Amino acid sequence: MSEIKFKKISDFVWEIPRAGNMNVPGRIYASHKMLSHIQADKAPEQVANVATLPGIIGFSMAMPDMHWGYGFSIGGVAAFDTDDGVISPGGVGYDINCGVRLLRTGLEYDRIRHDIQKLVDGLFRAIPTGVGSKGPLRVSEKDMAHVMQQGARWAVNQGMGEDRDLEYIEEHGEMAGAQPELVSEKAIIRGKPQLGTLGSGNHFVELQLIDEIFDEPAAQRLGLKKGNIAVTIHTGSRGLGYQVCDDSIKKMLRASEKYGIDLPDRQLCCAPIQSPEGQEYFGAMVAAINYAFANRQVITHWARESIMKTLRISPRELHMDVVYEVAHNIAKYETHIVDGQKKRVCVHRKGATRAFGPGQPELPAAYRDIGQPVLIPGDMGRASYVLLGTDEAMEQTFGSTCHGAGRLLSRNQAIKNARGRSIQHELAKDGIIVRATGRGTLAEEMPEAYKDVADVVDAVAGAGISRKVARLRPLGVIKG
Amino acid sequence: MADLSTVCYEQIEHTGDIGIKVYGESLQELFSNAALGMFDLMVDCQGVGRNVVEEVEVAGDNLEELLVNWLQELNYLFVTEQTVFVRVDITRIDEEELTATVYGDKINPRKNEIKKEIKAVTYHEIDVRKVNNKWRAQVIFDI
């Protein structure tokens, strides 16, 4: 049980007042009903810990899907001054640029309702899943350098996708500032065979039905039509990212000591952004970010090919275009208004999504007047949501919002609860066809192991930092 | 020398992640148990032989860092070589360095189920200490 007391700011915003070494207060976004669960976890303490780091601006924040994480809590958002602030691998996480891509299709549910099993089987064959899975791609060391520099564009240049895809990815799928030469040989050896693989845990590819529209004009702009099929891909930078994070933590532990940064938790180790250690982490992290962008692009290509083959249709009939792609484990330089002045800051989002409001130059031209699409996957039995970023998010949270449902049960507890049950059959009864590589995965990832994503989404909508556009219901899922 | 058939460890629950707690009469035994406990958590090791032999050398500034680096190195061998180790012979260990010979097999995921992917060995709540003349360590894995 957390000792930390909250002060109510509004129905959906709670403050952790400054105390001890905190440089700024904490702010938690949640509904009243979510608070007791949040307080039972150590995550609020972690929000307070982050507030002690040098150069933090405004508030140390957490989104309603927050739960305990290494160093920073999951759902954590923190911006740092680029002159005297820090950068921390614990503020990004092990799975650097874990993220979500949403694709719409021209397929209507009625047309494919009897083909779901075949489609899921096809995707399961086409996309390698599971622990340490290796893909059919053969990339050389030289290719890897390009992947880490060019991200999704590398895949498009290899014929896997179209130029149009790139327009609808955060950072256009190619973030500037990568320094592949700073990525260790170990990280490259881990990542090379895993490009174009989904991995395990909560990663998935899902066939979804667009089943509810909350904002018709916005949905039209995003090409989301009720009754149509969409595809969501959730994965990240695989072993390459994990290794980059690992390597960096070792260096950052030394750097924290060197620069005299007092750490309440070793996993918060960090370095001044401008220091050689800070810059090295940034360069290696961006290389991993680009790898993850390439990974989702390759998987998109295979998903398109697989669906066309299963249904024997042409690309024109499939019409599977990227709606948008977001990163939810990332640190980046952004310009925000701080104390009425434009200021360049380094925003860490760990299990949190960028949610830029209308008018931001980073958005694709087609969406610039409505705001950035935000993609919130739920668990495999309930829904996923499409939201839009808002002006309030720009003012309150450095343009950030939640990233998903958030875990409720530990993995072992979930396995215990699933004993004697077939999660696959239970989901099938609800019309959801699931295939997974690992025997334990379905139990660990079953719907009741997660918070209800609807509560999370209602809290960010209630706080005004996002607005709801559409809901997607799962039809078929492949997992690791 | 320690063997998977005799290893004894406790699992620690953590939302989303899992850790282990291990004991040992000596540092050798403690570090061997940690390695074998980690593999037992990851893979169903039934029937795994000792056909692959690897020499492992790691260093760290203190025992905790040494433990993290040791387990990370073994996890790296698992991920990149698909090899699990069921026997550990730590030939030299002090506060800062460890040399070991580890024995195991390349695994066939169809025969030996992979139960968990360990993304990383973390420093969170890491603890290595001597209690009543016995060594005790705990470590949490990012799953």
Which trypsin sites (Lys or Arg not before Pro) does the range A:280-384 hold that lie in a coil by DSSP with at most 14 other beta carbons within 10 Å?
A:ARG312
Integer Hz, Karplus 6.51/-1.76/1.60 couplings in order for the range A:455-464, x for Gly and Pro
5, 5, 5, 5, 5, 6, 5, x, 6, x
Any residue on another chain or 5+ positions along whose placed amide H is under 5 Å from the amide H of A:GLY476 is listed here as A:LEU207, A:ILE433
By its C-alpha gyration tensor, with a ≥ b ≥ c as the square roots of the eigenvalues, how is the protein assembly as shown shaped: rounded for a/c under 1.5, else prolate for a/b larger than b/c, else oblate?
oblate
Of the listed pairs A:LYS7/A:LYS250; A:LYS142/A:LYS332; A:LYS192/A:LYS416; A:LYS429/B:LYS115; A:LYS192/B:LYS111, those with alpha carbons more than 29 Å apart are A:LYS7/A:LYS250; A:LYS192/A:LYS416
Residue-averaged 222 nm ellipticity for the protein assembly as shown, from DSSP H runs of 4+ at -39500 (n - 2.57), nearest 500
-9500 deg cm²/dmol
Average beta carbon contacts from partner chains per residue of B:110-116, 10 Å cutoff:
4
For the range A:70-93 and the range A:365-434, what is the separation of their Cα centres, given in Å?
23
Under 5 Å, built H, 5+ apart or other chain: amide partners of A:LEU53
A:ASN23
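Which shape class, rounded, prolate or oblate, goes with the range B:1-91 when its Cα gyration tensor gives a ≥ b ≥ c as root eigenvalues, a/c under 1.5 marks rounded, and past that a/b bigger than b/c marks prolate? Present the calculation step by step, with values, prior to reporting the outcome.
Working: a/c = 1.24, a/b = 1.07, b/c = 1.16.
In terms of gyration-tensor shape, rounded.
Please compute the average number of Cβ atoms from other chains found within 10 Å of each residue's Cβ in peptide B:10-23. Before the final figure, lay out each step's value.
Working: counts 0, 1, 2, 5, 5, 15, 14, 6, 3, 0, 0, 0, 0, 0.
Mean number of neighbouring Cβ atoms from other chains: 4.
As an exercise, identify the trypsin sites (Lys or Arg not before Pro) in the range B:38-123 lying in DSSP coil whose Cβ has no more than 13 other Cβ atoms within 10 Å. Before the final figure, lay out the partial values.
Details: sites: B:ARG50, B:ARG87, B:ARG92, B:LYS106, B:ARG110, B:LYS111, B:LYS115, B:LYS116, B:LYS119; in loops: B:ARG50, B:ARG110, B:LYS111, B:LYS115, B:LYS116, B:LYS119.
Filter output for the range B:38-123: B:ARG50, B:ARG110, B:LYS111.
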Spelling it out for A:ASP321: with amide H atoms placed in the peptide plane at 1.01 Å from N, the residues 5 or more places away or on another chain with amide H under 5 Å from its amide H are A:ARG104
Under the Karplus relation with 6.51, -1.76 and 1.60 and θ = phi - 60°, whole-Hz ³J(HN,Hα) for the range A:371-376, x at Gly and Pro, equal x, 7, x, 10, 10, 10
Angle between chain A longest axis and helix A:116-126 axis [Cα atoms, degrees, rounded to 10]:
60
Let me know the mean shielding of A:67-75 by other chains, meaning the per-residue number of their Cβ atoms within 10 Å of its Cβ.
3
From the backbone phi of the range A:283-296, what are the Karplus-calculated ³J(HN,Hα) couplings (6.51 cos²θ - 1.76 cosθ + 1.60, θ = phi - 60°) in whole Hz, Gly and Pro given as x?
x, 6, 4, 5, 4, 5, 4, 5, 4, 5, 4, 5, 4, 5
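Where a number appears in this text, it was derived from the coordinates with a stated rule and is not lab data. What you see is a predicted model; the values in this text were computed from it and never measured. Quick reminder, even Gly has a Cβ in these numbers, built from the backbone with ideal geometry, and neighbours come from all protein chains shown.
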